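Read through the structure below, which is laid out as structure tokens, and then see the notes.
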Amino acid sequence: MRSYPFGTLVTAMVTPFDDDLALDLPAAAELAVYLVEEMHNDALVISGTTGESPTTTWDEKSQLVRTVREAVGDDVKLIAGAGAASTSQSVELAKRASDNGADAVLLVAPYYARPPQSGIIAHFETVADATDLGVFMYDIPHRTGVPMTTDTLVTLGQHPNIVALKDAKHDMAGTAEVLRRTDLAVYSGDDAMTLPLLAIGGSGVVGTSTHFCGVQTKQMIEAYLAGDVERALELHRTLLPVYTGVFAAQGCTMVKAGLTWQGHRVGVLRPPQVAATEDQLKGFIEALEEAGLA
């Protein structure tokens with residue numbers, strides 16, 4: 001049975017910086033309100049990978065959650081990134097997220113260290129035991145260096161504070177098994193896989209292209225859940241150039257380029273990320289135009 005602890009549409013929000021690479025908190029507030037009111041998001045991820053979390057300090061992460069909470073009010077779920085290379089750092093980030101108004105934390109397997117599955121389980125359970133917030137697991141092995149196995153996900157799914165999974169592993173059979181054996185809400189971590197994931201029991205998406213196509217993506221999800229599979233498939237095919245085009249460059253490069261082109265104040269990227277090339281931006285604009293979004 002599907003559950004929707006964070007609704008169906010979640011966007012991993014970019015972090016606006018000014019020309020001096022400092023946080024632009026007023027711009028962050030404006031973008032958050034836009035994503036909720038205009039793009040119809042049920043929840044936002046703050047300081048995820050798309051929010052350039054490896055380049056922001058703990059204090060900056062706290063400021064972002066606090067600023068966005070004040071901007072969007074209490075009805076919007078906020079999920080704060082708490083991924084770190086060490087368990088103690090993730091525990092501290094989770095505590096700070098709680099103090100600043102988050103509803104949940106997004107947690108990846110500790111990166112670079114490549115721990116065994118027992119270490120991954122211990123990491124997630126330690127963080128989940130240390131906070132009253134919901135824990136949103138994020139399985140993204142091409143960034144962390146190690147996948148979370150199906151058995152690991154099932155084991156962690158028994159913890160009362162671990163409530164959801166953002167799935168970016170592209171193992172649909174394994175994900176189906178997780179859905180069969182747990183009560184976890186599973187959200188797509190790859191925008192283009194949202195509709196296929198819904199077909200096996202998924203709850204929605206944590207997207208990046210949804211900065212641009214949140215309304216249409218939510219329509220696709222709602223059409224599928226209402227039984228209108230043909231309409232959902234039509235929307236999926238229409239949006240596919242945007243779902244894939246947003247990954248023409250690493251990280252949030254195309255998101256910030258596209259938002260800047262649209263007139264949103266999101267600013268530059270912090271190194272080592274670099275700005276999109278003219279050709280990359282042109283290609284993404286063409287994708288938006290093909291989908292009727294420009």
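The figures follow:
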quantity	calculated
With every protein chain in place, region 1-140: carbon and sulfur % of accessible area (1.4 Å)	48
Backbone HN-Hα couplings from phi across region 117-131 [Karplus 6.51/-1.76/1.60, Hz, Gly and Pro as x]	4, 4, x, 5, 4, 4, 4, 5, 5, 5, 5, 5, 6, 8, 9
Whole-Hz ³J(HN,Hα) from phi, Karplus 6.51 cos²θ - 1.76 cosθ + 1.60, for region 173-179, glycine and proline x	5, x, 5, 4, 5, 4, 5
Gain in span if fully extended, Asp129 to Lys95, counting 0.36 nm per residue against the direct Cα distance	11.1 nm
J(HN,Hα) series, region 7-12, from Karplus relation 6.51 cos²θ - 1.76 cosθ + 1.60, nearest Hz, glycine and proline x	x, 10, 10, 10, 10, 7
Accessible surface, region 135-268, averaged per residue in Å² (probe 1.4 Å)	37
Sequence-separation-based contact order of the chain, relative, with Cα cut under 8 Å and 6+ spacing, percent	19
For Asn41, distant residues with modelled amide H under 5 Å away	Val36
Helix-only [θ]222 nm of the chain, DSSP H runs n ≥ 4, -39500 (n - 2.57) each, per residue, nearest 500	-14500 deg cm²/dmol
Region 78-148: chymotrypsin sites (Phe, Trp or Tyr not before Pro) in DSSP loop, at most 12 other beta carbons within 10 Å	Tyr112
Region 158-205 versus region 23-44: alpha-carbon centroid distance in Å	25
Semi-axis lengths, Å, region 28-154, gyration tensor of Cα atoms, sqrt of 5 times eigenvalues	26, 14, 13
Where trypsin sites (Lys or Arg not before Pro) in DSSP loops with at most 14 other Cβ within 10 Å are excluded, longest remaining stretch of the chain	3-264
Max mean-square fluctuation residue, GNM over the chain, Cα-Cα springs under 10 Å, options Ser203, Ser88, Ser53	Ser88
Candidates Asp20, Asp190, Asp129, ranked by Gaussian network fluctuation over the chain, Cα under 10 Å, top entry	Asp20
As computed over region 146-294, the Cα convex hull volume per residue (Å³)	131
Accessible area (Å², 1.4 Å probe, nearest 10) - Val33	40
Nonlocal amide H pairs with Ile162, under 5 Å, H built at 1.01 Å	Val135
Arg237-Gln273 pseudo-label distance in nm [points 7 Å out on the Cα-to-Cβ vector]	3.3
Residue of Thr57, Thr131, Thr208 that the Gaussian network model of the chain assigns the largest fluctuation, springs spanning Cα pairs under 10 Å	Thr57
For Gly204, distant residues with modelled amide H under 5 Å away	Ser188
Fraction of accessible area attributable to carbon and sulfur, region 180-294 (%, probe 1.4 Å)	51
Solvent-accessible area per residue, Å², over region 9-84 with all protein chains present [probe radius 1.4 Å]	37
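The values are calculated or read from the model by the stated rules, or taken from the named source; none is laboratory data. Treat the numbers as computed from the prediction; the structure is a model and nothing was measured. A quick note on method: Cβ atoms are made from the backbone with ideal geometry, for glycine too, and the neighbour counts reach across all protein chains shown. Accessible surface is based on the protein model in full, side chains and every heavy atom, while ligands, DNA and RNA are left aside. Shrake-Rupley method; radii C 1.70, N 1.55, O 1.52, S 1.80 Å.
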